[in-house]
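First up is the structure itself, then whatever we jot down about it.
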Amino acid sequence: MRRVSLALLVGALVCLCFAGCGGTETGGSGERKVITVKGSDTMVILGQRWAEEYMNKNPGISIQVTGGGSGTGIAALINGATDICESSRPMKEKEKQDIRARHGKEVKEIPVALDGLAIYVHHSNPIQSITRAQLKSIYRGRLSNWRELGWENAQIVTYSRENNSGTYVFFKEHILDNEDFAENVQTLPGTAAIVNAVANDRRSIGYGGIAYSTGIRAVPVVGKEGGEAVSPSLETVQSGKYPLSRNLYFYTAGEPLGHIKEFINWVLSDEGQKTCDQVGYYPLKKQ
Amino acid sequence: MRSSRLLSPEKTIEGKLLQKFRGAERLTDRLAAVLIKGCAFVAIVALVLIFVFIGKEALPIFTSPEVRTEADLGKLLLPQPERGFVWQPVSERPAYSILPLLAGTLKATIIAVVFAVPLAVAAALFTSEFATPWAREVIKPAIEILAGIPSVVVGFFCLMVLAGWLQSAFGWTYRLNATTAGIGLSLAVIPIVYTVSEDAFSSVPQRFRDGSVAMGASRWQTAWRVVLPGASPGVLAACVLGFGRAIGETMIVLMASGNAAVLSWSASDSIRTFSATIAAELGEVVMGSPHYHVLFFIGAFLFVLTFFINLTGQWWVGRLQKKLRGGS
């Protein structure tokens, strides 16, 4: 008798566990008009500001913005766990295929803002500029002393983002030409952590969005050999003169519809684009 | 009348009541027993389910030919041509050597334990043997509050403050390294080791101390040669628990270790641990990719590692207990 009741109990528990696992997929878009936005850590602040302003104007809509990294957002879009994916890098062909396979819809790519990737150094670091080639050597581990850049004899301490970050992928593609980071490159979770680490370490170098550049110095970057050093600013990023500028994207599975479309249209309007400025990013160039 | 009632008295009315009551008691007893057993079973069922889930996701490392072309056990553990031991999962040519991660995990854990155990055991010995009741009332809760600080806060403290102090004190090249992470971890380990060994010290019978003092030993000699050996199984159990906590702790190492998968003996190099790797990378992997299965393999490996450490610890504790009992 006791055995039977115990077996029943355990059985019931197991069933409960499975029922719990199966039940999580439901919910999401109901009648309350919820829009979920997930992805790039770089874009979290921007997305949240957009959401706040839009929700103030449209009380019937609730927008939930979360970060986690562009890769996380894209994975969520593939798995159908978010309406809009924020990404600081263009989606890869394979990821687009995954969405096609899962949902039978084409991915819609919408550039929503511009960002310049700043190269951070400690504010006491005197170097005037840095070239793309030098950056590559530093992060590949071939150039490891500040003396070679005309400063004191000290080892360069390199900081990078975790590999789930769009910033990481952008840097890897545009600076490292898709080669691997050196193994002693330290990776930190989030741009804020990198800014913090660089601000506390005078021999270090890091990279991240311009919006975060407080407490450190953004070094002007030379794109091509013999070119001029350009600091990140509205003009240089919008004109594409700054070598490390990029688009920030919204992605949806299929054409956005209904209230999601309205939100995206508002983001692309003058009013929405004004928000970029306030958070430290750049509005898209007007066509 | 009176005598006749006394002849078979309790067996008639009160006796029956008592029997009834006993019957009910037995039923509630049984119910409680089943309930408590059920609770214990929930833990076991959860454990088994978790292990089955992790194991299932890690299995393709051994079975799926698709995954094995990129990552099989040999590629995970043996040096690869030209590259050696490299953890480079997001790459044109992905490399999944888990040895740098294992080395990093062990370095941080050992540093944490070496740092935390003497401190925590000494503090526990002090509070149980020497401290005035007033001091005990302050120290004990203070250390226990340390356990309540969220590890992400400890990690942030290490990143912001501790790393700077340690770097300026030792002149390290890397601010964030194995030692910084280890000391950060020890903040999480100390409360556990302290609490468990304090319990062990206070459960040493008072007569041991009385006997020792009666023989002319000083308080210090009593504490060091009688109480500490008497509580050694408990202290050892505390260390094992602390080790388990350190090896699985995630946020502190994620923030304070630098997360560079470097294979070296130096305690001032950056490290990348198993738990931090899972935390940082599991969010973005494509489900079903080799990288995904490797991360689950790491999870399973960590699970088995802690399981065996606990098992060895328990065996050792049991041996110590037997030895103590045999001696007395």
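Place the peptides B:304-310, A:83-89 in order of packing, highest mean first, counting for every residue the other Cβ atoms within 10 Å and averaging per peptide. Numbers along the way, then the final one.
Values: B:304-310: 14.1, A:83-89: 27.0.
Top to bottom by mean Cβ count within 10 Å: A:83-89, B:304-310.
Return a whole-number percent for the relative contact order of chain B, with Cα pairs under 8 Å and 6 or more residues apart as the contact set.
Working: 401 pairs, mean separation 75.6, N = 328.
Answer for chain B is 23 percent.
When Lys and Arg each count +1 and Asp and Glu each count -1, what net charge do the other residues less than 14 Å away from B:Ala120, Cβ to Cβ, add up to?
-1
Under 5 Å between amide H atoms, partner at least 5 residues away or on a different chain: which partners does A:Tyr207 have, H built in plane at 1.01 Å?
A:Tyr120
Taking beta carbons within 10 Å but only from partner chains, what does the mean come to for residues A:187-194?
Details: counts 10, 9, 10, 1, 0, 0, 7, 0.
Other-chain Cβ atoms within 10 Å of each residue's Cβ, averaged: 5.
Other chains near A:154-161: what is the mean number of their Cβ atoms within 10 Å of each residue's Cβ?
Mean number of neighbouring Cβ atoms from other chains: 3.
Rounded to the nearest 20 debye, what is the charge dipole size of the protein assembly as shown about its Cα centre when +1 sits on each Lys and Arg Cβ and -1 on each Asp and Glu Cβ? Before the final figure, lay out each step's value.
Numbers: 60 positive and 50 negative charges, 514 e Å.
Its charge dipole is roughly 2460 debye.
May I ask you to evaluate 6.51 cos²θ - 1.76 cosθ + 1.60, the Karplus curve with θ = phi - 60°, for each residue of segment A:233-245 and list the ³J(HN,Hα) values in order in whole Hz, giving x for glycine and proline?
Couplings: 7, 4, 5, 5, 6, 5, 7, x, 6, 6, x, 10, 9 Hz.
Show log10 I(q)/I(0) for segment B:98-327 at q = 0.08, 0.10, 0.12, 0.16 Å⁻¹, two decimals, from a solvent-free Debye sum over equal Cα scatterers.
Summing over Cα pairs of segment B:98-327 leads to -0.36, -0.54, -0.73, -1.09.
Which value at 222 nm does chain A reach when only helices count, each DSSP H run of 4 or more adding -39,500 (n - 2.57), with the total divided by all residues and rounded to the nearest 500 deg cm²/dmol?
Result for chain A, helices only: -11500 deg cm²/dmol.
To the nearest 10 degrees, how steep is helix A:258-268 against the longest Cα principal axis of chain A, on a 0 to 90 scale?
Helix A:258-268 sits at roughly 10 degrees to that axis.
Considering only chain A, what is the antiparallel percent among its DSSP beta bridges, to the nearest 5?
Details: 23 of 38 bridges.
So the antiparallel bridges in chain A amount to around 60 percent.
Considering only the protein assembly as shown, what is the antiparallel percent among its DSSP beta bridges, to the nearest 5?
Antiparallel bridges make up about 60 percent of those DSSP assigns within the protein assembly as shown.
What does the average come to when, for each residue of peptide B:39-51, you count the partner chain Cβ atoms lying within 10 Å of its Cβ?
Neighbouring Cβ atoms belonging to other protein chains average 2 per residue here.
Provide the net charge surrounding B:Gln88, with neighbours chosen by a C-beta distance below 14 Å and charges set as Lys +1, Arg +1, Asp -1, Glu -1.
Around B:Gln88, the surrounding residues sum to -2.
Which of A:Lys108/A:Lys286; A:Lys136/A:Lys285; A:Lys38/A:Lys96; A:Lys172/A:Lys224; B:Lys107/B:Lys322; A:Lys38/A:Lys94 have a Cα-Cα distance over 22 Å?
On the way: A:Lys108/A:Lys286 20 Å; A:Lys136/A:Lys285 29 Å; A:Lys38/A:Lys96 17 Å; A:Lys172/A:Lys224 17 Å; B:Lys107/B:Lys322 32 Å; A:Lys38/A:Lys94 20 Å.
Checking Cα-Cα distances, A:Lys136/A:Lys285; B:Lys107/B:Lys322 exceed 22 Å.
Rank the residues B:Ser270, B:Ser218 as a footprinting-exposure proxy: fewest other Cβ atoms within 10 Å of their Cβ go first.
B:Ser218, B:Ser270
Net charge near B:Gly104: determine it from the other residues with C-beta under 14 Å of the C-beta of B:Gly104, scoring Lys and Arg +1 and Asp and Glu -1. Please list the in-between numbers first.
Working: positive: B:Lys107, B:Arg272; negative: A:Glu183, B:Glu249, B:Asp269.
Neighbourhood net charge equals -1.
From the phi angles alone, apply the Karplus equation (6.51, -1.76, 1.60; θ = phi - 60°) to segment A:44-57 and give each ³J(HN,Hα) in whole Hz, x where the residue is Gly or Pro.
Each residue's phi maps through the Karplus curve to give 4, 4, 4, x, 5, 5, 4, 4, 4, 5, 5, 5, 4, 7 Hz.
For chain B, return all DSSP H helices satisfying: extent of Cα atoms along own axis at least 30 Å; mean Kyte-Doolittle hydropathy at least -1.0.
Flagged H segments are B:14-58, B:99-125, B:178-202, B:290-327.
In 20 Å bins starting at zero, report the fraction of Cα pairs in the protein assembly as shown per bin as a rounded %.
Bins of 20 Å from zero give 16, 41, 29, 10, 3, 1, 0 percent of pairs.
Please give the peptides B:168-179, B:101-112, B:21-32, A:90-101 ranked by average Cβ packing (other Cβ atoms within 10 Å per residue), highest first, as a rough proxy for protection.
Taking the mean over residues of other Cβ atoms within 10 Å, the ranking is B:101-112, B:168-179, A:90-101, B:21-32.
Once amide H atoms are placed 1.01 Å from N in the peptide plane, what residues at a sequence separation of 5 or more from A:Leu284, or on another chain, have their amide H within under 5 Å of its amide H?
A:Leu114
Mean residue ellipticity at 222 nm from the helices of chain B, using -39,500 (n - 2.57) per DSSP H segment of n ≥ 4 over the full residue count, to the nearest 500 deg cm²/dmol?
The per-residue figure over chain B is -23000 deg cm²/dmol.
Any read-out appearing in this document is the output of simple, stated calculations on the displayed coordinates, not a laboratory observation. As the structure is a prediction and not an experimental result, all values here were calculated from the model. Here Cβ is always computed from backbone atoms with ideal geometry, including for glycine, and neighbour counts include all displayed protein chains.
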